[in-house]
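Structure record follows, encoded as structure tokens.
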Amino acid sequence: MKAVIYARYSSDSQREESIEGQIRECTAFAEKNGITVLRHYIDRAFSAKTDNRPEFQNMIKDSNKKLFDTVIVWKLDRFARNRYDSARHKATLKKNGVKVVSATEAIADGSVGIMMETILEGMAEYYSVDLSEKVVRGMTDNALKCMFNGGTLPIGYIIDKEQHFQIDLVTSPFVLAAFEKYADGATMTEVRDYLNENGVTNTRGKPMTYNSVQHLLNNRRYIGEYVYREIVVPDGIPAIVPLDLFERVQEKMAKNKKAPARHKAEDDYLLTTKLFCGHCGAYMCGESGTSRTGVVHHYYKCVSVKKKRAECHKKPVKKRWIEDLVVEEAMKMVMDDDVVDAIVSMLMDLQGRENTNLPLYQQQLRETETKIENLLKAITEGVFTKSTKTLLEELEAAKEELENRIALEKLEKPQISEEFMRFWLHRFRKLDMAKKEHRQMLIDVFINAIFLYDDKMLITFNYKEGTQTITFDDVKNGGSEETSGSDLDCSSAPARRKRYIACDELFCVYSGILAALTSPKEKCLSACGPAATPGIFKSRFSAPGVDCRKIPCFC
């Protein structure tokens, strides 16, 4: 039998030792019953009242692969504390040939076992609901007395021995000063700097940030209002800020919130980090200007020209024009069946090279099975000795070990079919190019770099030899106000630094497909993983400017 272990604890107040104890007892149960454990699924600080648990969902999804036939839990309440969720997911597992067993609760097979399991699940749900009701009732009684119910304590307050709020004489003057400064015209950034200069830290003991200042200025506890769920007690705690000052601050914050964002236009330049000057190789960054009529125009301008740090005379290009042209060329590539076939072929090749262990294990398994067949033929022909028996047992053990390794590799690195890759790529054909997020998605996934000249541009796509040159002879309403000069004699883009090289065999596109196949959530992380941040990529395979977290998931 092959199994996986599922372990869970409910809240941050519980310790990691809880997981270790569950794993230890489940492992001992598996060893006692001759069960091979393939992997562990662990959810930390997730309640079993719902099934919205990442590793739990991954386990249910992996059961479709039919690589294991048992899920071992420490107790049944680790699996679920909701009878509906328990029945629904156990039905799914049963359909996939998987059963749930408890390492510490002896449940017999047959009708008696079904009744026992139902009683245990009902008791677990009863305990959960009853505990929740008792906690809420106790906290409601505390709230009616305006007592501290736990959670984050606001700056400026301390809690006395009777669990009541009291003003902190050390930090409360800085809270009042923050309100006064903001009401008198200071920005939140200036308020933040003032608090940090005076050593005031946020609720986590770290320097104040813009968000923590905003939360401080919005907190109605500073006018003495006590709030818990539906209970609101005016003057329930000592006030630090006068009501009229608090209301003036709220009015100013509401007014500033409606004001247009100063840097919003920066986010609308879709080709940022991908567009380069064809003459000097420098970035082309977004820039805007206002005409005499008051109309705002947006451009891409060479950084060397903007900062006057190189002999470059590249003129700026209109933002909308160049972005429309790039999106159009990207869509032509996506619509080309031959290109899609080439990409799928390279993806399949990449997938084969990515998982080097699985083909090796599969080859070893075939060789082992052949040896077993040959040995069995020899036995049927009368050749049977102690050595033959020992060799057969060793081969059977090796076969089982290889099957376990193959199952584990398939769980960790699922194989993506050619049909799914083709389906995923075809979904890009249905993107709405009128939507900014769809245009950004297309550019992030398929465009590696664009080198812009006065009369042509060179686009490098995220697949091998995916380079195309587009001339502007037939393009109307071109980039700059003047397009004098010719670069047609330049046969290729200038030498690029290493960081501009395209994805290694389309790795980022492959990562997006892998995420779409494996992630239970709508938004997926690709292989660049949590280490990736917009514009900064730790993976050696990532293309510049590809925010792998924006790669679409078509789960």
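Criterion first (surrounded by 13 or more Cβ atoms within 10 Å (Cβ to Cβ) and modelled with pLDDT under 85) does Ala106 satisfy it? In short, no. Exactly one residue out of Thr189, Thr203 is in a loop (DSSP other than H, G, I, E, B), β-branched (Val, Ile, Thr) and open to solvent by 30 Å² or more (accessible area, probe 1.4 Å): that is Thr203.
Residues of the stretch 333-342 that are out of contact with any strand residue (DSSP E or B) (no Cβ under 9 Å at 6 or more places or on another chain) and part of a helix (DSSP H, G or I): Val334, Met335, Asp337, Asp338, Val340, Asp341, Ala342.
When Ile231 is tested against the conditions (1) modelled with pLDDT of 90 or more; (2) within 30 Å of Ile167 (Cβ to Cβ); (3) open to solvent by less than 70 Å² (accessible area, probe 1.4 Å), the lone failure is (1).
Against the conditions (1) farther than 22 Å from Val445 by Cα; (2) at pLDDT 85 or above; (3) of a type in the set (Gly, Ala, Ser), Ala330 satisfies every one except (1).
Which residue is most open to solvent (accessible area, probe 1.4 Å), if the candidates are limited to the stretch 68-90 and must be touching a residue at least 60 places away in the same chain (Cβ under 8 Å), hydrophobic (A, V, I, L, M, F, W, C) and closer than 20 Å to Gly21 by Cβ? Step by step, filter the stretch 68-90, then rank; the result is Trp74. If you go through the stretch 393-436 and pick out every residue that is acidic (Asp, Glu) and touching a Lys or Arg at 6+ places or on another chain (Cβ under 6 Å), you end up with 0.
Conditions tested, residue by residue: (1) within 30 Å of Arg137 (Cβ to Cβ); (2) open to solvent by less than 60 Å² (accessible area, probe 1.4 Å); (3) out of contact with any strand residue (DSSP E or B) (no Cβ under 6 Å at 6 or more places or on another chain); (4) assigned to a strand (DSSP E or B).
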| position | (1), (2), (3), (4) |
| --- | --- |
| Leu176 | no, yes, yes, no |
| Asn196 | no, yes, no, no |
| Asp235 | yes, no, yes, no |
| Pro238 | yes, yes, no, no |
| Leu245 | no, yes, yes, no |
| Met253 | no, yes, yes, no |
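Restricting attention to the stretch 44-62 and to residues that are open to solvent by less than 20 Å² (accessible area, probe 1.4 Å) and under 16 Å from Ala87 (Cα atoms), the residue that is modelled with the lowest pLDDT turns out to be Ala48. The residue that is nearest to Ile447 (Cα to Cα), among those in the stretch 262-321 that are open to solvent by less than 50 Å² (accessible area, probe 1.4 Å), hydroxyl-bearing (Ser, Thr, Tyr) and outside any loop (DSSP other than H, G, I, E, B), is Tyr300.
The values are calculated or read from the model by the stated rules, or taken from the named source; none is laboratory data. Only a predicted model underlies this, so the values are computations on that prediction, with no experimental measurement involved. In this analysis, Cβ positions are derived from the backbone assuming ideal geometry, glycine residues included, and neighbour counts consider all displayed protein chains. These accessible areas exclude ligands, DNA and RNA; they are computed on the full protein's heavy atoms, side chains included. Shrake-Rupley method; radii C 1.70, N 1.55, O 1.52, S 1.80 Å.
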